[in-house]
1. What residue among A:F261, A:M299, A:A153 has its Cα farthest toward the positive end of the dipole of segment A:153-308, where the charges are +1 on Lys, Arg and -1 on Asp, Glu, each on the Cβ?
2. Roughly speaking, to the nearest percent, how much of segment A:122-213's 1.4 Å accessible area is carbon and sulfur?
3. Apply the a/c threshold of 1.5 to the C-alpha gyration tensor of segment A:300-395 and tell me whether it is rounded, prolate or oblate.
4. Output the pairs from A:K181/A:K320; A:K155/A:K217; A:K126/A:K155; A:K73/A:K162 with a Cα-Cα distance over 24 Å in this structure; if there are none, say none.
5. Diagonalise the Cα gyration tensor of segment A:43-90 and give the resulting equivalent ellipsoid semi-axes, square root of 5 times each eigenvalue, largest first, whole Å.
6. What number comes out for accessible area per residue over segment A:129-226 if the probe is 1.4 Å? Units Å², please.
7. Cα to Cα, under 23 Å, and not fewer than 8 places away if on the same chain: which lysines meet these conditions relative to A:K396?
8. So for each of A:319-325, A:247-253 I average, over its residues, the number of other beta carbons within 10 Å; can you give me the resulting order with the highest mean first?
Amino acid sequence: MLTRTTTQNGKALSLLRPFSTASTTVSATPTLSEPPSSTTIANLILTTSDPQTLSKTLLSQQWSEPLVNATLKRLWNHAPKALEFFTIVDHHRYYSHSLSSFNLAIDLAARLRDYDGLWILVDRLKSRRLGPTPRTFAIIIERYVAAGKPDKAVKIFLSMHKHGCPQDLNFFNTLLDILCKSKRVKKAHNFLKVFRGKFRADVVSYSIIANGWCLIKRTDKALEVLEEMVERGLSPTLSSYNAMLKGYFRAGQTREAWRFFLEMKRRKCDIDVVTYTTVIHGFGVAGEVDKARRLFDEMVREGVLPNVATYNALIQVLCKKDSVESAIDLFKEMVGKGYVPNAMTYNLLIRGLCHVGEMDRASEYVGLMRNEGCEPNVQTYNLLIRYYCDAGEIEKALGVFENMGSGECLPNLDTYNVLISSMFVRQKSEDLVVGGRVKTPYGGGIFGLLHLDLDEV
DNA sequence: TTAGGGTTAG
């Protein structure tokens, strides 16, 4: 049916054909049609300017929850378009949106700070008896906090039950965590003090606050929180201690970190792989590579097996404070032992190679990761683009960029920032011409994307 | 989505 639609937008519609054929006639026998991919649909939505045509096309399509969600994610950098899509499909005769799609739409509306639209979606969710769920509220509250409205977020939390969503200890802890992760630790701490009785604050509540203080390098306050927790009869867990340890490193207090680590051992804590990864990374970043290596050997002796994260921590340290070659040696060692490197492992090595100007070898590692079935992610692309730009090889950077547009990996705000800023730094008019020529997955030149939501990373 | 460890570079 799609192939028969003849409109001003015939070109865009043809994108939805499962198999591209030269023929425009409709085959009498139904073809084995695969549903169109989210990429195809997203392109169609972005290139169809006539709302009626778009609506007609989308409503004649068969939808499923995964396809709707994938399309919404594909349109993440085009929130208004994504929401338009959501609204159209919401009028489908035989399809109705699921909770997870609603949650995505609510997230999009919140990112746009369209709070009226957001609460309309929540009401719709309620009238269909699908929610809102704690997950919905976590999304809403996180966005309000990110938009600089933590007080409003707290009010929403306190009114959750009016929407049929219970306020329990779990969600109390989620709220504390959201506040802490946005560095509003004092507010979170005060909130804990006021409501710890009502919600029966537990070890997790206190650990979140202690970790929050660590995030803003206030290890003194973090320690106070842990002490207070003990006074209230709650025993810190290994997680609490690991967070504290990490906090010392973050704050540059390596001596305190070491003392704390020794104390953990003395008290016979069951030091785990996270503890070791933290100290290996911490000392390495502080420039004590030998100590990091010794701790790596020690953990193996102690029977605590390193995992991929541990290797990544040490690989990063070697790249930064020793040499890429020693990092590559370690990489080979881990592969030899049967560990499966992940995208971060490769990214660390690729960055290390780029950093010493070995762009060709860096590219080889990109090829290697692909061969090993580990697809490059947005960080991989961004770092290649960044290093090509820094080397003044804008054309190559754009080549990488075009490559990613044709794949599954979406550029993010970082990607555009790097490309655009490097062009402005050079102030070469031909760059601007090239930049305008580059096709983005969204259809226009990269400068058409300057209106991207600056909150989205 | 009930906490803790591993990416950028200034």
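The values are calculated or read from the model by the stated rules, or taken from the named source; none is laboratory data. Since the structure is predicted, the reported quantities are computational estimates derived from the model, not experimental observations. Note that we place each Cβ from the backbone using ideal geometry, even for glycine, and neighbour counts take in every protein chain shown. When the accessible area is computed, the model is the full protein with side chains, heavy atoms only, and any ligands, DNA or RNA have been set aside. Shrake-Rupley method; radii C 1.70, N 1.55, O 1.52, S 1.80 Å.
1. Highest projection toward the positive end goes to A:A153.
2. 50 percent
3. Prolate, since a/c reaches 1.5 and a/b exceeds b/c.
4. Pairs exceeding 24 Å: A:K181/A:K320; A:K155/A:K217; A:K73/A:K162.
5. Three semi-axes, in Å: 15, 14, 8.
6. Result: 47 Å² of accessible area for each residue.
7. Within reach: A:K428, A:K439.
8. Put in order of decreasing packing, that is A:247-253, A:319-325.
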